[in-house]
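Colleague: Handing you a structure now.
The values are calculated or read from the model by the stated rules, or taken from the named source; none is laboratory data. If you're wondering where the values come from, they're calculated on a predicted model, not measured in any experiment. Positions of Cβ are generated from backbone atoms using ideal geometry, with glycine treated the same way; all protein chains shown enter the neighbour counts.
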Amino acid sequence: MEPYDSFVALKANETVGMDYHIRVRQGRSGIAVMAIHGGGIEPGTTEIAKAVAGEVHTFYAFSGLKPSGNARLHISSRKFDEPLGADIAKHARTIITIHGCKDAKAMTYLGGRHHQLKLEIKSALTAAGFPALDAMRFPGINPKNICNKNKLGMGVQLEISIGMRNLLFEDITRLHRKRITSCFKAYVHALQRAIKSPKCVLKQRNLLDLKKACAILLISI
């Protein structure tokens, strides 16, 4: 069965609470951390996103609950239109999306249009001992990608390999993903440090001010 290309199509054929689940926790930072392929779709991404968001950032997860076949719930990042997630994205200053890829080696691939935040995350992960590379297969630069559909028009997409995720959990299966490792804690702390980097926060505020100034100028012309 092919994955769905819209939430409307998914909703017509799947049952909320049985096949999929949506979780939201509002934060106050203006930053959203989202796992749009959580649960059994890309295992471990919901737990990582929730931990990174903490009590500060907004957390969103669309999670597959099926005993098997969760891949069919995968709506691509460019087509992801679940209404609650789309609304969170629209009102966020910027977004970090947490994804999983099938690479066996332990690696985090960074994509998205927010170059400064990507640099901060790459630096923080590398300093903590976690290898990270710019994404070639998953660039995440399309403006329609959910990570870029925010007030700044740019965010970061993290593709975390299965090799890396296996290091973060004692057992990545559905029943045991609560059993995290010390690597999980170090990985999450590295991401949190990068997100609140003073240089990154200042640039985001400056860009928002610039976009507002341009909007006012266009209205006055």
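Colleague: Kindly indicate whether any position in region 86-107 is without any contact (Cβ under 8 Å) to a residue 40 or more places away in the chain and surrounded by 15 or more Cβ atoms within 10 Å (Cβ to Cβ). Spell out how you get there, then give the answer.
Modeller: First, the residues of region 86-107 that are without any contact (Cβ under 8 Å) to a residue 40 or more places away in the chain: 87.
Now narrow it down to the ones that are surrounded by 15 or more Cβ atoms within 10 Å (Cβ to Cβ): none.
No.
Colleague: Within region 48-65, is even one residue more than 30 Å from S197 (Cα to Cα) and more than 17 Å from the chain's Cα centre (by Cα)?
Modeller: Quick first cut of region 48-65, residues more than 30 Å from S197 (Cα to Cα) only: 64-65.
Those left that are additionally more than 17 Å from the chain's Cα centre (by Cα): 65.
Checked against the condition, which is being more than 30 Å from S197 (Cα to Cα) and more than 17 Å from the chain's Cα centre (by Cα), region 48-65 yields at least one hit.
Colleague: Are there any pairs with C-beta distances below 6 angstrom linking a residue in region 163-181 that is under 18 Å from L65 (Cβ atoms) to a residue that is modelled with pLDDT of 95 or more and of a type in the set (K, R), with the two at least 6 apart or on different chains, and if so which?
Modeller: I172/R165
Colleague: Please find, within region 35-82, the residue that is modelled with the highest pLDDT out of those that are surrounded by fewer than 19 Cβ atoms within 10 Å (Cβ to Cβ) and acidic (D, E).
Modeller: Taking the candidates together, the pick is D81.
Colleague: Another question about this same structure. What are the residues in region 47-57 that are on the phi < 0 side of the Ramachandran plot and either basic (K, R) or in a loop (DSSP other than H, G, I, E, B) (or both), if any? I'd like the intermediate steps shown before the answer.
Modeller: Filtering region 47-57 for residues on the phi < 0 side of the Ramachandran plot gives 47-53, 55-57.
Listed by number, the residues that qualify are K50, E55, V56, H57.
Let's see how each residue does on (1) within 21 Å of R113 (Cβ to Cβ); (2) of a type in the set (A, V, I, L, M); (3) in contact with a helix residue (DSSP H, G or I) (Cβ under 8 Å, 6 or more places away or on another chain):
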site: K50; (1), (2), (3): no, no, no
site: T58; (1), (2), (3): yes, no, yes
site: A61; (1), (2), (3): no, yes, yes
site: L65; (1), (2), (3): no, yes, no
site: L73; (1), (2), (3): no, yes, yes
site: P83; (1), (2), (3): no, no, yes
site: A89; (1), (2), (3): yes, yes, yes
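Colleague: Within region 168-201, can you find the residues that are under 19 Å from the mean Cα position of the chain (by Cα), in a helix (DSSP H, G or I) and of a type in the set (A, V, I, L, M)?
Modeller: Result: L168, A186, V188, A190, L191, A194, I195, V201.
Colleague: Looking at this structure, is G140 surrounded by fewer than 18 Cβ atoms within 10 Å (Cβ to Cβ) and either small (G, A, S) or in a strand (DSSP E or B) (or both)?
Modeller: Numbers: surrounded by fewer than 18 Cβ atoms within 10 Å (Cβ to Cβ): no; either small (G, A, S) or in a strand (DSSP E or B) (or both): yes.
Criteria not met by G140.
Colleague: Quick check on my filter: what residues within region 62-79 are closer than 18 Å to N142 by Cβ and out of contact with any Ser or Thr (no Cβ under 9 Å at 6 or more places or on another chain)?
Modeller: Of the residues in region 62-79, the ones closer than 18 Å to N142 by Cβ are 74-79.
Once the filter is applied, which keeps residues that are closer than 18 Å to N142 by Cβ and out of contact with any Ser or Thr (no Cβ under 9 Å at 6 or more places or on another chain), region 62-79 yields H74, S76, R78.
Colleague: Kindly provide the set of residues from region 58-77 that are in a loop (DSSP other than H, G, I, E, B), in contact with a Leu (Cβ under 8 Å, 6 or more places away or on another chain) and within 28 Å of S29 (Cα to Cα), ordered by number.
Modeller: I75, the sole residue that qualifies.
Colleague: Can you name every residue in region 27-46 that is among the polar types (S, T, N, Q) and in a loop (DSSP other than H, G, I, E, B)?
Modeller: The answer is S29, and nothing else.
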